[in-house]
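Trainee: Take this structure first; my questions come after.
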There are 2 protein chains.
Amino acid sequence: MTALEQRLSQFYAYVARMQHYREALALMAWDLRTGAPPKGVSARAEAVGTLSEDVFAMAVSERMEEFLGELEPVREQLDERTRALVRECRREFDRNRKIPRERYREFVVLTTRAESVWEEAKAKGDFLLFRPYLEQIVTFLREFVEYWGYEEDPYDALLDSYEPGVRTRDIDPLFRRLREETVRLVGEIAGTGRRPDTSAFLRSVPPDRQRELCRWVLDVIGFDFEGGRLDETVHPFEISLNPGDVRVTTRYEPGDVRTALFSVLHEGGHALYEQGIDPDLAGTPLWTGASMGIHESQSRFWENLVGRSLPFWERYFGELRHRLGPEWAELTLEQFYAGINDVAPSLIRTEADEVTYNLHIFLRYDLERALIAGSLEVRDLPEAWREQSRALLGVVPEGDAEGVLQDVHWASGSFGYFPTYTLGNLYAAQLREAIARDLGDWDGLLREGELGAVLRWLRDRIHRYGKLFDPLDLLRRATGEEPSAEPLVRYLRNKYGPLYGV
Amino acid sequence: MTALEQRLSQFYAYVARMQHYREALALMAWDLRTGAPPKGVSARAEAVGTLSEDVFAMAVSERMEEFLGELEPVREQLDERTRALVRECRREFDRNRKIPRERYREFVVLTTRAESVWEEAKAKGDFLLFRPYLEQIVTFLREFVEYWGYEEDPYDALLDSYEPGVRTRDIDPLFRRLREETVRLVGEIAGTGRRPDTSAFLRSVPPDRQRELCRWVLDVIGFDFEGGRLDETVHPFEISLNPGDVRVTTRYEPGDVRTALFSVLHEGGHALYEQGIDPDLAGTPLWTGASMGIHESQSRFWENLVGRSLPFWERYFGELRHRLGPEWAELTLEQFYAGINDVAPSLIRTEADEVTYNLHIFLRYDLERALIAGSLEVRDLPEAWREQSRALLGVVPEGDAEGVLQDVHWASGSFGYFPTYTLGNLYAAQLREAIARDLGDWDGLLREGELGAVLRWLRDRIHRYGKLFDPLDLLRRATGEEPSAEPLVRYLRNKYGPLYGV
């Protein structure tokens, strides 16, 4: 073994140890959300704190600095995987080391408190309760972006941690175009005054039957139950422990089976991504998605582009109706398809349809960018929210609970996260067009139930690479194109035009 | 803060960190047994390995040696809890440091392999497959006991890790007396030729109903569901993560509800113990049971002394029958009571009734002691097993699967563990008599459903102390008596004499 080989083996053992702590942390998080007894939560938080500290300490240790100092000068001698690993470790090292330790700790304590206060404030609809916390969070972040540094826009320093290498100037033209077209389409749809009759869905389906249905749907899209599991939680999520252990949850709303169905398709999409990463990346921080946006592209792909499409249900609706039980025998495919594609502006992002959803993101993106730039102050935020909501969605929340207090993201300090949702939608539509170019007519693929071929394409072009490449690079490699809003614009127009006759 | 106070605060932070790793390890173990996907198991094993190594390294570190070196000389200045903590840390330090590191690692690898080989050997009924592994294990243990040291009997060095401070010379007179009386009682019962009619139990109870039944039983004995949970596994167990998170599992055998019922009473007994430890001991290795024997006394107490008693069911049988469903309406209390107390020698320890159970232990205790002493060799073990089985139980296994390959304990190197099962039975009977002395007539307490008073007594005399005291000390404090076989002998005679008319 050469000196370099020996060093590399130590480096890989070091990062594997960090991954083992992360696996324990992921399991503790999963467990807290799937049924850990309430009295054990505060002690659990201590244990989580200890392991998180360990991971943090390892990421910024002198040992890590040594590894990076030795490997970066010889990067030309390293294989692709190791080069990417060194890049990721350097990013994390810099990100965490650039902020004075004491300030970082204060920020963690602040956001932990802020999340509880936010919860109370939301329940009471009282923004004033939460305002001082949000003001401090914004102050911290304005300070942090200066430590991290940026070229043009301070917001880029935040965006970078969720969507590596992507800047506001990459996003802005995409969002501008999508916004313009979305506002137009929503206006036309509203102009028809048509709303599908969704009353058929508002009948009770027992949780046991919904569970079986969700297992079936996961099976249909290719989820591997030998390497994962399905549980029930209030807020559905996906979490990965290791390459053979990828978990999803969903929620069984007795009165509306769509909640479980589309949650499980969404989380299942995230899970297919994680189950498809090259096992060779396991034990390193490259064994994860390329970015939040790419991850979201996979969940939206299966939830919307597949799961809310007509050809998919042309293939599977008969089976679904059979599994729903005899009381559903009268429901037609047309009613079903219309009922899962009801487009109308609403107040709550997480309940929005796939057309108006992005308008909720534009609203948040503009506001948080202005907050970080200093052109908007927290005290003026509720009013700014209402104005934007009126302008974009044409609806105005009555109280702040349905407005500025709607999401937890700002309380937890996650500024820069929201745009990745819309990036996910954009990426997904681009991937869909690329698949159709490579494999043939999209509708035909779904109608024939060729989901295996679609999944193999995603595995081959996206999943297996894990975090080897930055998101826009990965997208270019997969599609041969620059990021663009046109595929999503086309998709929405071609789908909803005929459906609403506009 | 004085220098000592500062040192103590560092010491407590150090052991708390170890407990946090242990909590993560406990959760990983629980998860592996309650539904972790099979493909994730090998990666999980790596993560478990890393965290176990961390705990081990901390327990034998120079830092720990420094703490002990500083605190032991000033032990008179320390409070009771800290003195016990220092004692426990010293025990673990010595136990792990006395064995050459390389030998210990080899032993861990050997037993890990031996467990898989044992599983295969048991399935095939082929002792020869397992024999070389068991021979090596015995060789290791004969070597280890010399490192650890002992006063009289090498077996004491093994026993000490499960039952601190208890030696073979403490056990022998108790076991001799119990054995003599058990053999006599079993002979008398067999002489009657009577067996209760248990056919009523062999009817199907759906898992959902059994689950509800188990939740009810746990509730009746005082299990706190806010601080614990119930799950289903093939092999029932209890595991504690932290003072507010104590978990039990049971098994729903569709054709015999007794399996679930008595498993949950048994594991529930373990759980009541853990839920009753003084929270002030949390975050230290004192937050656990005093010994395996004391722990087992609590499980057997609720499973047998309460759960297989007539007065308990005089109080609860009506409710049980109602919960079992209308098809059980004909079952009488007398039939039920006889059916849960069917005494007859059998081959399998885990399925034995409470009278013959201890005979299975005596058999194993004698054999493993002889193996360690060198008066028995592994090649002669199967024959020795058959001889002992004939002598003690009057039955002889046809193959080794039901004989010497029956239990996993030897494959995992757990020599010295078996006697704690019978110690648990002995302790439990002593506690029962002490409770009757303090609270009044035992049957009356159960008949009136005064389980809360019984549990409070156990909490006050046993549970809250955790591992502050060694087991025999704890027993003396709780009962005011020396360990004795008489309470169990009396209990068995008084219960089974009338039941079988002997």
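The values are calculated or read from the model by the stated rules, or taken from the named source; none is laboratory data. Just so you know, these numbers come straight off a predicted model, no measurement behind them. All Cβ positions, even for glycine, are placed from backbone atoms using ideal geometry, and neighbour counts span all protein chains on display. With ligands, DNA and RNA removed, areas are computed over all heavy atoms of the protein, side chains included. Shrake-Rupley method; radii C 1.70, N 1.55, O 1.52, S 1.80 Å.
Trainee: I'd like the FRET efficiency for A:GLU486 and B:ASP438, computed as 1/(1 + (r/R0)^6) with the beta carbon distance as r and R0 of 56 Å, rounded to 0.05.
Mentor: Efficiency computed from Cβ-Cβ geometry: 0.10.
Trainee: Could you work out [θ]222 nm for the protein assembly as shown from helices alone, using -39500 (n - 2.57) per DSSP H run of at least four and dividing by all its residues? Round to the nearest 500 deg cm²/dmol.
Mentor: The helix-only estimate for the protein assembly as shown comes to -21000 deg cm²/dmol at 222 nm.
Trainee: Closest beta-carbon to the A-to-B rotation axis: which chain A residue owns it, and what is the separation in whole Å?
Mentor: A:ALA24, 2
Trainee: Express the accessible area of the stretch B:168-500 per residue in Å², computed with a 1.4 Å probe while the remaining protein chains stay in the model. Display every interim value, and only then the final one.
Mentor: Details: 12050 Å² over 333 residues.
With the other protein chains kept in place, the stretch B:168-500 gives 36 Å² per residue.
Trainee: Then there's this: If I model a spin label at B:THR198 and B:ALA373 as a point 7 Å from the Cα along the Cα→Cβ vector, what separation in nanometres do I get?
Mentor: Each label point is offset 7 Å from its Cα along the Cβ direction, giving 3.5 nm.
Trainee: Same structure again: If you roll a 1.4 angstrom probe over the protein chains with everything in place, what fraction of the accessible area of chain B belongs to carbon and sulfur, to the nearest %?
Mentor: Percent of accessible area from carbon and sulfur atoms in chain B: 48.
Trainee: How would A:LYS495, B:LYS124 rank on accessible area, largest to smallest, probe 1.4 Å?
Mentor: The residues order as B:LYS124, A:LYS495, largest area first.
Trainee: If you take all C-alpha pairs in the protein assembly as shown, what percent of them are over 49 Å apart?
Mentor: Summing the P(r) of the protein assembly as shown above 49 Å gives 36 percent of all pairs.
Trainee: Another question, if that's okay. Please work out the C-alpha center-to-center distance from the stretch A:200-264 to the stretch A:74-98 and express it in whole Å.
Mentor: 37
Trainee: Based only on the alpha carbon positions, what is the Kirkwood hydrodynamic radius of the stretch B:3-126, in angstrom? Write out the running numbers ahead of the final one.
Mentor: Details: mean 1/r = 0.0586 Å⁻¹.
Here the Kirkwood hydrodynamic radius works out to 17.1 Å.
Trainee: Looking at chain A, what % of its DSSP beta bridges pair antiparallel, to the nearest 5?
Mentor: In chain A, approximately 45 percent of DSSP beta bridges are antiparallel ones.
Trainee: Something else: On a full-extension model of 0.36 nm per residue, what is the gain between A:ALA29 and A:ARG209, subtracting their alpha-carbon distance, rounded to one decimal in nm?
Mentor: Taking 0.36 nm per residue and subtracting the Cα distance, the gain is 62.1 nm.
Trainee: Also, I was wondering about something else. Relative contact order for the stretch A:156-264 using alpha-carbon pairs under 8 Å, separation at least 6, rounded to a whole percent?
Mentor: Relative contact order, the stretch A:156-264: 23 percent.
Trainee: Using the 2.2 N^0.38 Å rule of thumb for compact globular proteins, work out how the stretch B:258-398 stacks up: its C-alpha Rg over that value, please. Write down the numbers at each step before the final one.
Mentor: Values: Rg = 19.6 Å, N = 141, 2.2 N^0.38 = 14.4 Å.
Rounded to two decimals, the normalised Rg is 1.36.
Trainee: Between the label point of A:ARG476 and that of the same position in each other copy, find the distances and list them shortest first in nm, with every label point placed 7 Å from Cα along the Cα-to-C-beta direction.
Mentor: 8.0
Trainee: How far, in degrees from 0 to 90, does helix B:101-124 lean away from the longest principal axis of the Cα atoms of chain B, to the nearest 10?
Mentor: Helix B:101-124 sits roughly 20 degrees off the main axis of chain B.
Trainee: List the distances, in nm to one decimal, from the label point of A:VAL408 to the label points of the same position in every other copy, shortest first, placing each label point 7 Å from Cα along the Cα-to-Cβ direction.
Mentor: Label point to label point, same position, other copies: 3.6 nm.
Trainee: Next question, about the same structure. Normalised by the residues of chain B, what does the relative contact order come to in percent, with Cα pairs under 8 Å and at least six apart? Could the numbers behind the result be given before it?
Mentor: Numbers: 642 pairs, mean separation 102.2, N = 502.
After rounding, I find 20 percent.
Trainee: Long-range amide H contacts for B:ASP231: which residues qualify at under 5 Å (H placed 1.01 Å from N, peptide plane, sequence gap of 5 or more or a different chain)?
Mentor: Under 5 Å from the amide H of B:ASP231 lie the amide H atoms of B:VAL248, B:THR249, B:THR250, each far enough along the sequence or on another chain.
Trainee: Identify, among A:LEU392, A:PRO132, A:PHE107, the residue whose Cα sits farthest towards the positive end of the charge dipole of chain A, taking +1 on the Cβ of Lys and Arg and -1 on the Cβ of Asp and Glu, with the dipole about the Cα centre.
Mentor: A:LEU392
Trainee: How much of the DSSP bridge set in the protein assembly as shown is antiparallel, in percent, rounded to the nearest 5? Intermediate results must be reported in sequence, preceding the final value.
Mentor: Numbers: 8 of 18 bridges.
That works out to approximately 45 percent antiparallel.
Trainee: Another question, then. Report ³J(HN,Hα) in whole Hz for each residue of the stretch A:439-444, in order, from the Karplus equation J = 6.51 cos²θ - 1.76 cosθ + 1.60 where θ = phi - 60°; Gly and Pro get x.
Mentor: So the J values, rounded to whole Hz, are 9, x, 2, 4, 4, x.
Trainee: Inter-copy label distances at A:ALA45, 7 Å along the Cα→beta-carbon direction, one decimal in nm, shortest first?
Mentor: Those separations, rounded to one decimal, come out as 3.7 nm.
Trainee: Per residue of the stretch B:471-485, in order, report the coupling 6.51 cos²θ - 1.76 cosθ + 1.60 (Karplus, θ = phi - 60°) as ³J(HN,Hα) in whole Hz, putting x for Gly and Pro.
Mentor: x, 5, 4, 4, 5, 5, 4, 6, 10, x, 10, 6, x, 8, 8
Trainee: Quote to one decimal, in nm, the extra length available between B:ARG113 and B:ARG90 on full extension: 0.36 nm per residue of separation minus the C-alpha distance between them.
Mentor: 5.3 nm
Trainee: Taking both sides together, what accessible area is buried at the B/A interface, probe 1.4 Å, expressed in Å² and rounded to the nearest 100?
Mentor: Its buried surface, counting both partners, is about 2800 Å².
Trainee: Once each part is reduced to its C-alpha centroid, what is the distance from the stretch A:298-315 to the stretch A:140-197 in angstrom?
Mentor: Measuring centre to centre over Cα atoms gives 24 Å.
Trainee: Would you tell me the accessible area of B:GLU383, worked out with a 1.4 angstrom probe on the heavy atoms of the protein chains, in Å² to the nearest 10?
Mentor: Here the accessible area works out near 80 Å².
Trainee: By how many degrees, 0 to 90 and rounded to 10, does the Cα axis of helix A:486-500 deviate from the longest principal axis of chain A?
Mentor: 20
Trainee: To continue, here is another question. Please list log₁₀ I(q)/I(0) at q = 0.06, 0.08, 0.10 Å⁻¹ for chain B, using the Debye equation with identical point scatterers on the alpha-carbon positions.
Mentor: -0.29, -0.52, -0.84
Trainee: For the stretch A:289-306, in order, what is each residue's ³J(HN,Hα) by Karplus, 6.51 cos²θ - 1.76 cosθ + 1.60 with θ = phi - 60°, in whole Hz (x at glycine and Pro)?
Mentor: x, 5, 6, 5, x, 5, 4, 5, 4, 6, 5, 5, 4, 7, 5, 9, 5, 8
Trainee: With every protein chain left in place and a probe of 1.4 Å, what is the accessible surface of B:TRP313, to the nearest 10 Å²?
Mentor: Rounded to the nearest 10, that gives 0 Å².
Trainee: Also: Counting heavy atoms of the protein chains only and a 1.4 Å probe, report the per residue accessible area for the stretch A:3-126 as a whole number of Å².
Mentor: 50
Trainee: Same structure again: Got a number for the accessible area of B:PHE107? Probe 1.4 Å, square angstrom, nearest 10.
Mentor: Approximately 20 Å² for this residue.
Trainee: Keeping all protein chains in place and using 1.4 angstrom, which order do A:ARG101, B:ARG300 fall into by accessible surface area, from largest down?
Mentor: Values: A:ARG101 160, B:ARG300 25 Å².
Reading off the accessible areas and sorting them downward yields A:ARG101, B:ARG300.
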